[in-house]
Amino acid sequence: MATIKPFYCIRPTAELAHRVAALPYDVYNRSEAKAVVAKDTLSFLNIDRAETQFPDDVDTYADCVYAKAAELLNARIEDGTFVTDTTTNYYIYELTMDGRTQTGIVACASIDDYMNNVIKKHENTRADKEEDRIRHVDTCNAQTGPIFLAYRRNETIYTVVAKTKGNAPLYDFTSEDGISHRVFVISDPADVAAVSDAFDSIDSIYIADGHHRAASAVKVGLKRRLENPGFDGTEEFNFFLSVLFPEDELKILPYNRVVKDLNGLTKDSFLARITQEFTVEELGKDAFQPEQKGTFGMYLDGTWYRLTANNTLQQITDPVESLDVSLLQDYLLAPVLGIGDPRTDKRIDFIGGIRGLGELERRVAEDMTVAFSMYPTSIGELFAVSDAGRLMPPKSTWFEPKLRSGLFIHKLS
């Protein structure tokens, strides 16, 4: 059963929350991050990406970068930008994008639940990306970016959330990208107990987004256990900052693909090869977004096509092999275009669905040859893969809206 606990939250004042809140650190490259922090010294990206405080010749992963992150965080606490709540609370984080609202519980999850697979994963992580956040969390002595978790809808939690949202929000602002953010505090002891008991009855929690941050938080916790052999499991380093959403409120966008070349094939020979596994229909200039599983858009030489997987492929029932991202990889990208390992092959790139189909056309015009628009992976498919103890292919899911960093901070000691 899941241990999801309230915590002493460090958070920005209500007046400054809209300035502090920042998109996750990993959605920017270094130059993009520098442009963001140049606009506002209070943006949490100053702390999440502290290399922005140094000339470009300073290595992103230099010791001084992590020391600067800790310095800036402590400075913002000392100057009153951040306050520390005096009671342990749950928080409600509501995000509204394009008229659709999703509401999560901000809390701390157990590193033991992560290790025991109560909190389930669906992606591999890379050691280099883990190491960056391990050093950031350990040096700052705090988790600053929440892990995006999902759970199956629970009526008790739904009732407490609905009741609490009748109160005045702690934060209520709209970010530059048009997404509305509202935060409420669950502080009533009976409601806190009800939420805690409800999560204790849930046997599986799923990582939707933030696998590297989760793995890093767990490894920092294990490091602290070694440094504190008398730990009893209640210390804050045994838990990591999370926002947990019911699965029926989540939306996954497609994660599209672009490929550099046709692997030595002519256009005609390429089209002939893919007809062995897919029905190919030429559509013309109108961009095509698939509307059902087993169909794909393809943009090649200024023309859009609809690809439909043949009946044999659509009858695959394995939770991983039946994913659309797997069908495309296993029956087109690998055998026809020679993309053996999409994690490492430099000939393929991935475009989040939030960027739209125009971005696929732009990339083909500039530096790629062929693009594929995908039907999004469903939350049910994500759960099925995780429940089977399996892993999805890389870049299978793109969640929107992104959780903001800096609104909730969890100190480890």
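The values are calculated or read from the model by the stated rules, or taken from the named source; none is laboratory data. Note that the structure is a prediction, hence the values are computed from the model and not measured. In this analysis, Cβ positions are derived from the backbone assuming ideal geometry, glycine residues included, and neighbour counts consider all displayed protein chains.
So is Ala150 without any contact (Cβ under 8 Å) to a residue 24 or more places away in the chain and more than 25 Å from Lys411 (Cβ to Cβ) or not?
Considered against the rule, which asks whether it is without any contact (Cβ under 8 Å) to a residue 24 or more places away in the chain and more than 25 Å from Lys411 (Cβ to Cβ), Ala150 comes out as no.
Might you let me know whether the range 45-68 holds any residue that is within 30 Å of Ile205 (Cα to Cα) and touching a Leu at 6+ places or on another chain (Cβ under 7 Å)?
yes
Within the range 335-357, how many residues turn out to be surrounded by fewer than 16 Cβ atoms within 10 Å (Cβ to Cβ) and charged (D, E, K, R)?
Qualifying residue count for the region: 4.
Checking the conditions here, which among Leu360, Leu332 is in contact with a strand residue (DSSP E or B) (Cβ under 6 Å, 6 or more places away or on another chain), touching a residue at least 24 places away in the same chain (Cβ under 8 Å) and surrounded by 15 or more Cβ atoms within 10 Å (Cβ to Cβ)? Walk me through it before giving the result.
On the way: Leu332 fails: in contact with a strand residue (DSSP E or B) (Cβ under 6 Å, 6 or more places away or on another chain).
Only one candidate qualifies: Leu360.
I'm trying to understand the selection: among the residues of the range 125-158, which are touching a Leu at 6+ places or on another chain (Cβ under 6 Å) and either among the β-branched types (Val, Ile, Thr) or part of a loop (DSSP other than H, G, I, E, B) (or both)?
Asn141, Pro146, listed by residue number.
What are the pairs, 6+ residues apart or on separate chains, where a residue within the range 342-353 that is assigned by TED's automatic domain parsing to the domain that holds Gln329 has its Cβ under 9 Å from a residue that is basic (Lys, Arg) and assigned to a strand (DSSP E or B)?
Pro342/Arg257; Ile348/Arg257; Asp349/Arg257; Phe350/Arg257; Ile351/Arg257
Please determine whether any residue of the range 340-357 is of a type in the set (Ser, Thr, Tyr) and at pLDDT 95 or above. Spell out how you get there, then give the answer.
Within the range 340-357, the first condition is being of a type in the set (Ser, Thr, Tyr), and the residues that meet it are 344.
The next check asks that each one be at pLDDT 95 or above; those that pass are none.
Checking the range 340-357: not a single residue is of a type in the set (Ser, Thr, Tyr) and at pLDDT 95 or above.
Quick grid of which residues meet (1) modelled with pLDDT under 95; (2) more than 30 Å from Ala193 (Cβ to Cβ); (3) surrounded by fewer than 20 Cβ atoms within 10 Å (Cβ to Cβ):
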| position | (1), (2), (3) |
| --- | --- |
| Asp40 | no, yes, yes |
| Ser43 | no, yes, no |
| Asn46 | no, yes, no |
| Cys64 | no, yes, yes |
| Ile77 | no, no, yes |
| Val83 | no, no, yes |
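Just one of (1) more than 30 Å from Lys68 (Cα to Cα); (2) in contact (Cβ under 8 Å) with a residue 40 or more places away in the chain trips up Asp232, so point out which.
Tallying (1) more than 30 Å from Lys68 (Cα to Cα); (2) in contact (Cβ under 8 Å) with a residue 40 or more places away in the chain, Asp232 fails exactly one: (2).
Mind checking whether some residue in the range 245-254 is loosely packed, with under 12 Cβ neighbours inside 10 Å and either among the β-branched types (Val, Ile, Thr) or farther than 21 Å from Ile409 by Cβ (or both)?
yes
Tell me which residues, restricted to the range 255-268, are surrounded by 23 or more Cβ atoms within 10 Å (Cβ to Cβ) and basic (Lys, Arg).
Listed by number, the list holds a single entry, Arg257.
For the range 159-225, please list each of the strands (runs of 3 or more DSSP E) lying entirely inside it that holds at least 3 residues being aliphatic (A, V, I, L, M).
Filter on the range 159-225 gives 180-186, 205-209.
Being outside any helix (DSSP H, G or I) and over 23 Å from the mean Cα position of the chain (by Cα) is the filter here; which residues of the range 44-81 pass it?
Phe54, Pro55, Asp56, Asp57, Val58, Asp59, Ala62, Asp79, Gly80, Thr81
Determine whether Leu337 is part of a helix (DSSP H, G or I) and outside the structural domain of Phe239 (by TED's automatic domain parsing).
Answer is no for this residue.
Specify which of the listed residues (Arg213, Arg225) is in the same structural domain as Thr103 (by TED's automatic domain parsing), farther than 21 Å from Ile10 by Cα, basic (Lys, Arg) and surrounded by 14 or more Cβ atoms within 10 Å (Cβ to Cβ).
Arg225
Considering only residues of the range 340-358 that are assigned to a loop (DSSP other than H, G, I, E, B) and of a type in the set (Lys, Arg), which is nearest to the chain's Cα centre (by Cα)?
Across the range 340-358, the extreme among qualifying residues is Arg343.
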